[in-house]
Structures are given as C-alpha cells and as structure tokens.
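Below is one structure, written out as structure tokens; comments come after it.
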Amino acid sequence: MDRRGGQEHRRALLERATGVVVEVGSGAGTNFTHYPAGVTRVLAFEPDPYLRSLSAEAAASAPVAVEVGGGVAEALPVPDSSADTVVASLVLCSVTDVRLALRESRRVLRPGATLLFYEHVRSTRPLLGLVEDAVTPLWRRMAGNCHPNRDTLAAIGAAGFEVTDVRSFGFAPGGWPPLRHILGAARAPLA
Ligand SMILES: C[S@@+](CC[C@H](N)C(=O)[O-])C[C@H]1O[C@@H](n2cnc3c(N)ncnc32)[C@H](O)[C@@H]1O
C-alpha cells in the first residue's frame, strides 16, 4: 500500500505534527520516518507485541525521538492535556471502541490541540456501503478487527472535535477495490 501512494498520504498527514505527539496503534512504525523537525517527542503505543517490536526497531532510526510502549487507544498511559498532536493512522477502523478511543485522544490533547487522522471509512456510495456492511463481520475476524464500514469522520465530530480540514478520496491499498479514505485534522475543544 505504501508503494501505491500510502507513503505520500503519510507525509501529507504528518508534516503538520508538532511538539509532543501521541501516536495510537503505531503498528510497524511506518509513520516514524515522516515526523518533521518541529516534533519534540513521539510517544507511540502499540498493543500487539510483534508489531511493537517492529515499532521499536523503526524508532531507532527515526529522525525524531520516539518512545514505544504497549497500550490501547481506549486507555492511554498519558497525562491529561499533555500532547500537542495525536496521530490516528489506519487504526480507528480496528480499535474495539471508537468512541472511547476518541475520548482518550481528547483527554490527552491540550485544549485546542490537533488530532491528525488518516483512515479508511464506509463508502458514501449506497451499494458499496451495503457491501462493506455485509463483509464486515467476516473481514474483522480475518484482519485484526478491521471494520471496513465505520463512519469515522462522524465519530470524530461526535467526540467533540472540530474538523478543520479533511480530504476524502478513493484509494486501493491492495490494488483493488478502492476504499474511501479520509485524511485531515481536527481541533480539540478549548475547554
Ligand atoms: C492497519 S494497522 C496500522 C498501523 C499504523 N498505524 C500504520 O499507519 O501503519 C492497525 C493497527 O491498529 C492496532 N490496534 C488494534 N486495536 C487497537 C487498539 N484498541 N488501540 C490501539 N491500537 C490498536 C493494531 O495492533 C495495528 O497495529
């Protein structure tokens, strides 16, 4: 997927990251190489031990300081209002509880700070959306709880974030079929 354009998406997502960053579900640490110089520290959390070890390897050669730990997006071992940026990249499709994960992101962000998101979401085409609904029960069992049919943008708004910009586009990580992706930023409330 990264060869098909995913790396470009990651670059576009992360060029706006600043200060203390919390990355949820960092996987193999594919994002780390894209953090810009304005980032002082990345706290990356990955629940899967194998992927966490890959994240730790990637952290060793990252251009900024990255600390990798265990933890789920729904319960981050991070103090309140301590992060300048939270990064959710292809992860809100897989978390157990999206609402709780976004509430945690909001808790750890300073007031007015930024959630950066890059996610595949349910199609806005009615028929394709129904197909995604139909395949979700099987797909999530085969693919680490990944739900092809989540309306993550609505969930971000419902969690109290103000979406400041979002790009929506079709992208086929595996070559086919194209899935609707969203890439953008949302601001945590000021109070
Ligand atoms: C498709 S991978 C994406 C990895 C990485 N964020 C990236 O952009 O390449 C989905 C990741 O979400 C992680 N994950 C699943 N459930 C999670 C949860 N509740 N909290 C945090 N991460 C979770 C998985 O372990 C996996 O690393």
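Since every read-out is calculated from the coordinates, none of them should be taken as a lab result. What you see is a predicted model, and the numbers here were worked out from it, not measured in a lab. Heads up, the Cβs are rebuilt from the backbone with ideal geometry, glycines too, and the neighbour counts pull from every protein chain shown.
Ordered by the number of other Cβ atoms lying within 10 Å of each residue's own Cβ, fewest first, Cys93, Cys146 fall into the sequence Cys146, Cys93. Using a ≥ b ≥ c from the Cα gyration tensor of the range 80-144 (square roots of the eigenvalues), is it rounded, prolate or oblate, where a/c under 1.5 gives rounded and otherwise the larger of a/b and b/c decides, a/b for prolate? Prolate. Set the Förster distance to 30 Å, then compute FRET efficiency between Glu8 and Arg140 from the Cβ-Cβ distance, nearest 0.05. Working from the Cβ atoms, E equals 0.65.
In terms of Cα atoms, the Rg and Dmax of the range 2-187 work out to 15.5, 45 Å.
Using a cutoff of 8 angstrom between alpha carbon atoms and counting only pairs six or more residues apart, the relative contact order for the range 2-187 works out to 19 percent.
Ordering Ala37, Gly25, His9 by Cα displacement along the dipole of the range 1-132 toward the positive end leaves His9 in first place; charges were set at the Cβ atoms of Lys, Arg (+1) and Asp, Glu (-1). Among complete DSSP H helices in the chain, those whose alpha-carbon atoms stretch at least 18 Å along the helix's long axis and whose mean Kyte-Doolittle hydropathy reaches 0.0 are 126-142.
For the range 2-187, a simple Cβ point-charge model (Lys and Arg +1, Asp and Glu -1, everything else neutral) yields a dipole of about 340 debye relative to the Cα centre. Here the chain carries DSSP beta bridges of which approximately 45% are antiparallel, counting only pairs with both residues inside.
Working note: Cα atoms of the range 102-191, range along each principal axis, descending, whole Å: 40, 25, 22.
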